[in-house]
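The values are calculated or read from the model by the stated rules, or taken from the named source; none is laboratory data. Values in this document were obtained by computation on a predicted structure and should not be read as measured data. Positions of Cβ are backbone-derived with ideal geometry, glycine not excepted, and every protein chain shown enters the neighbour counts.
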Amino acid sequence: MAVPLLDLKAQHDTIRDEVVQNLLKVVDDQAFILGAPVSAFECEIAGLSRTRYAVGCANGTDAILIALRALDIGRDDEVVTSPFTFFATAGTIHNVGAKPVFVDIDPKTFNIRPDLAAAGVTSRTKAVIPVDLFGQMAAVEEVRRLLPTMPIIEDAAQSIGARRQIDGQWRMAGEAATIGTFSFFPSKNLGGYGDGGMIVTQDETIFKRLMRLRTHGSVQTYLHEEVGYNSRLDALQAVVLSAKLPHLAGWSAKRRANAAYYDAAFADLGDLTTPFIDPANESIVNQYTVRIDRRDALKDHLKTKGIGHSVYYPLPLHLQPCFAYLGYKQGSCPESEKASHEVVSLPVFPELTRAQLDEVVAGVRSFFGK
């Protein structure tokens, strides 16, 4: 039996009628740009993230870009971030004219090490971007403790609905940072039927700036206080996402259950490391990522068995050709480099059947001759 890495059709089948009904209402109303559907969804995400404000935008990349602009980050500034993440995190830093400063990750969680983030700060540093990789939150509060006055942009593209215990209280992804950013790319736990993004904050001044920047630097039509972007969340995407949102907690719980099933099934495979979840975290398991030094051989084996898999990420950002001008060399971020040669992600989407889970388990175990 072939098992895909992700099956979006299986999810769509469970919510099709509600989504189509909502889409048809937008089409019948012929109101596609911003408006009530977007405002309603912004309120829903603000509620989920326990933030005062939420601003919809065109995609998760723009969410980070606009957040950087809202903090007046630009030419000759520096922003500290992780090299073990999707390209957008660092690409947006470059695109506002600033310099990405890469510091290494914790090899267990894959998230940025707060002590290294603090050590990477210079007189030019204007923000830190911790990434909530694979569905569990980074230690935002530790970054804050070490850098109490430094703005923090939490790249929560993979962690919507995740939470972390901070000072004895559960805090949601995006809640404790200066600005939090989300992506609604279709493969995300809360994915649209196209691109979409969201920016959240507790700060009213930042919120007003975000609102201007997403619409060409304008609040009043044809009056532009600054040069902004054309980055609005479509009403069609907003109603799709609003229909999906009530299911998010259940889907994430099923992902955690699938991950626990794998953990138990792989417990005796000595050189396969299953995901480590910080005890302070409740992950949404955006990816189930294992580590093995024979990663490429395991990939080849899974391919012959028809088991979907992917590598996130095969080349850390500090070694990408486009960032050669920064001067990083092999060995600059050793844990990120080691992870890039060892990680592989397995199917964990919530619609997996028991038979599919068992197929993945059997495929992995057979690689070890078990």
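Against the criterion of being of a type in the set (S, T, N, Q) and either closer than 24 Å to R255 by Cβ or in contact with a Ser or Thr (Cβ under 9 Å, 6 or more places away or on another chain) (or both), T89 qualifies. Can you pull out the residues in region 192-216 that are out of contact with any strand residue (DSSP E or B) (no Cβ under 8 Å at 6 or more places or on another chain) and closer than 30 Å to R16 by Cα? Those that are out of contact with any strand residue (DSSP E or B) (no Cβ under 8 Å at 6 or more places or on another chain) and closer than 30 Å to R16 by Cα: G192, Y193, D195. When residues in region 141-166 are screened for being farther than 16 Å from N111 by Cβ and either of a type in the set (S, T, Y) or at pLDDT below 95 (or both), 1 of them pass. The number of residues in region 238-286 that are out of contact with any strand residue (DSSP E or B) (no Cβ under 7 Å at 6 or more places or on another chain) and farther than 17 Å from K188 by Cα comes to 16.
Given the criteria crowded, with 21+ Cβ neighbours inside 10 Å and within 20 Å of P279 (Cβ to Cβ), does R164 qualify? Answer is yes for this residue. Among the listed residues P114, P107, which satisfies the condition of being closer than 23 Å to L315 by Cβ and in contact with a helix residue (DSSP H, G or I) (Cβ under 7 Å, 6 or more places away or on another chain)? Just one listed residue meets the conditions, P107.
Can you say whether S283 is closer than 30 Å to L48 by Cα, hydroxyl-bearing (S, T, Y) and touching a Gly at 6+ places or on another chain (Cβ under 9 Å), as far as the supplied structure shows? Judged against the criteria, S283 is a match. The strands (runs of 3 or more DSSP E) found wholly in region 168-207 and carrying at least 2 residues that are of a type in the set (A, V, I, L, M), in contact (Cβ under 8 Å) with a residue 24 or more places away in the chain and assigned by TED's automatic domain parsing to the domain that holds Q136 occupy 197-201. For region 285-332: of the residues being aliphatic (A, V, I, L, M) and closer than 11 Å to V344 by Cβ, which is surrounded by the fewest Cβ atoms within 10 Å (Cβ to Cβ)? The residue in question is A297. Within region 197-248, the only residue that satisfies the criterion of being in contact with a helix residue (DSSP H, G or I) (Cβ under 7 Å, 6 or more places away or on another chain) and either at positive phi or of a type in the set (F, W, Y) (or both) is Y229.
The set of residues in region 89-99 that are out of contact with any strand residue (DSSP E or B) (no Cβ under 6 Å at 6 or more places or on another chain) and not in a loop (DSSP other than H, G, I, E, B) comprises G91, T92, H94, N95. E282 meets the stated requirement of being closer than 28 Å to D13 by Cβ, charged (D, E, K, R) and within 20 Å of the chain's Cα centre (by Cα).
Can you tell me which residue among R255, R295, R209, R214 is basic (K, R) and in contact with a Lys or Arg (Cβ under 7 Å, 6 or more places away or on another chain)? None of the other options fit; the residue is R214. Taking region 216-314 and the helices (runs of 4 or more DSSP H) fully enclosed by it, the elements with 3 or more residues that are in contact (Cβ under 8 Å) with a residue 40 or more places away in the chain, outside the structural domain of K108 (by TED's automatic domain parsing) and of a type in the set (F, W, Y) are at 248-265.
Highlighted here are the helices (runs of 4 or more DSSP H) found entirely within region 1-80 that include at least 1 residues which are without any contact (Cβ under 8 Å) to a residue 40 or more places away in the chain: 8-29, 36-49.
On inspection, T125 does not qualify as closer than 27 Å to A253 by Cβ, surrounded by fewer than 22 Cβ atoms within 10 Å (Cβ to Cβ), in contact with an Asp or Glu (Cβ under 8 Å, 6 or more places away or on another chain) and among the hydroxyl-bearing types (S, T, Y).
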